[in-house]
Amino acid sequence: MNNYKNSVIVKNMSKAFGQLQAVDNISFHVHKGEIFGFLGPNGAGKTTSVRMLTGVFPPDTGQIYIAGYNLLDQTLAAKMRIGVAPESANAYLDLTALENILFMAEMYGLSGKKIRKRAEELLNIFNLLDRKNDKIKQFSKGMRQKMILCMALINEPEILFLDEPTSGLDVQSRYLIRNIIKDLNQGGTTIFLTTHNINEANKLCDRIAIMNKGEIAAIDSPENLKNTFVSSQSVEVSFKFGSPNFLDNLSYANSIEKRGDKYRLYSDEPGQLAMKLIEQVKSSNLGLNSIRTIGPELEEVFIKLTEEKKE
């Protein structure tokens, strides 16, 4: 196995399609053994970036290292160490589940009883073993998504690229796949996760890169990203009776939003604000249903980083 510290290294990577600069001179690295989230709005350049990282097409400029190998000069060695599970299912519809996995294994030069056993183990993990001899065209979207993951894992990749792995799945399937991702990572697999699901990224990822307009807007851990926007700290409160008339003049409150039966008050000092709220409630007849302080949410960070630039 090639000795390397970072599973992915990207240096000054760019890609243009005609007048469209899809990816604009980005650089970043993915630590060996981490779950790395790749987020951004539609058209941000995420898909183009991942296609370059997985060798679908080369960048116009820049360097890419995968598992210590230069992807452009040592393409085969690099590709042998990755697994790719794209969002759009690419299993062969007229082959059975088992045949699809074994076909993918052959693409990596793998065959024999050991590989067949691993294929059946993967199908069992994803609750598909009883359908191993059924053709993929008989499968639901969720089952096909699981099949793509089985195929991506047959070569026991050091680095697994996942594109929206839980998109369109039912709650149980999402839960299963998230747990599998965690187990793979704990076993040493580096996970490169492209997703629109901010909550999923917050729960799974060690670090997150947020792309916008072909550039990297930020890279950090979810908590560090959230803490860069201290103005998003707030206190959420609900009252038992009536509507409060004192909120607009409350000390430490910068702004107020009504959310259903709750009020969210943004503040630089949420602790002090919560104390003031409790004092006011005690001197009124409103009664207190609930009160809690809330730190910045990753969704708010995402919106702030990707909102349209002012002209």
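Laboratory data are not the source of any read-out in this text; all were calculated from the coordinates shown. All values reported here derive from a predicted model rather than from experimental measurement. Please note: Cβ atoms are built from the backbone with ideal geometry, for glycine as well, and neighbour counts cover all protein chains shown.
Once label points are set 7 Å from the Cα along Cα→Cβ at both Asn70 and Gln19, what is their separation, rounded to one decimal in nm?
That separation, rounded to one decimal, is 3.6 nm.
Can you tell me the FRET efficiency between Asn12 and Glu307 if r is taken as the Cβ-Cβ distance and R0 is 30 Å, rounded to the nearest 0.05?
Values: r = 26 Å, r/R0 = 0.87.
For Asn12 and Glu307, the calculated efficiency is 0.70.
Given a Förster radius of 22 Å and the C-beta distance between Phe57 and Met107 as r, what FRET efficiency does 1/(1 + (r/R0)^6) yield to the nearest 0.05? Walk me through the intermediate numbers first.
Numbers: r = 18 Å, r/R0 = 0.83.
The computed FRET efficiency comes out at 0.75.
What is the gain in length, in nm to one decimal, between Ser27 and Lys114 on full extension, counting 0.36 nm per residue of separation less the C-alpha to C-alpha distance?
Details: separation 87, 0.36 × 87 = 31.32 nm, distance 3.94 nm.
27.4 nm is the gain from fully extending Ser27 to Lys114.
When only Cα pairs under 8 Å and 6 or more residues apart are kept, what is the percent relative contact order across the chain? Walk me through the intermediate numbers first.
Working: 578 pairs, mean separation 59.3, N = 311.
This gives 19 percent for the chain.
Angle between the Cα long axis of helix 270-282 and the longest principal axis of the chain, 0 to 90 degrees, nearest 10?
50
Could you tell me, in Å, what Rg and Dmax come out for the Cα atoms of the range 6-227?
Final numbers for Rg and Dmax: 17.3, 52 Å.
With r as the distance between the Cβ atoms of Lys5 and Glu215 and R0 = 30 Å, compute the FRET efficiency 1/(1 + (r/R0)^6) and round to 0.05. Could you put the intermediate results ahead of the total?
On the way: r = 25 Å, r/R0 = 0.84.
FRET efficiency, Glu215 to Lys5: 0.75.
Roughly what angle does helix 97-107 make with the longest principal axis of the chain, taking Cα atoms, 0 to 90 degrees, to the nearest 10?
70
Please build a GNM for the chain, connecting alpha carbons under 10 Å apart, and tell me which residue among Met143, Met13, Met275 fluctuates the most.
With Cα springs under 10 Å in the chain, the top fluctuation among Met143, Met13, Met275 is at Met275.
Which value in nm describes the separation of the simple spin-label points at Asn249 and Asn127, placed 7 Å from the Cα toward the beta carbon?
Between Asn249 and Asn127, the simple spin-label model gives 5.8 nm.
Select from Val84, Tyr65, Met104 the residue farthest towards the positive end of the dipole of the range 49-147; place +1 on Cβ of Lys and Arg, -1 on Cβ of Asp and Glu, and compute about the Cα centre.
Farthest along the dipole direction, towards plus: Met104.
Helix 171-186 versus the longest principal axis of the chain: what is the Cα-based angle in degrees, 0 to 90, to the nearest 10?
Tilt relative to the chain: about 70 degrees.
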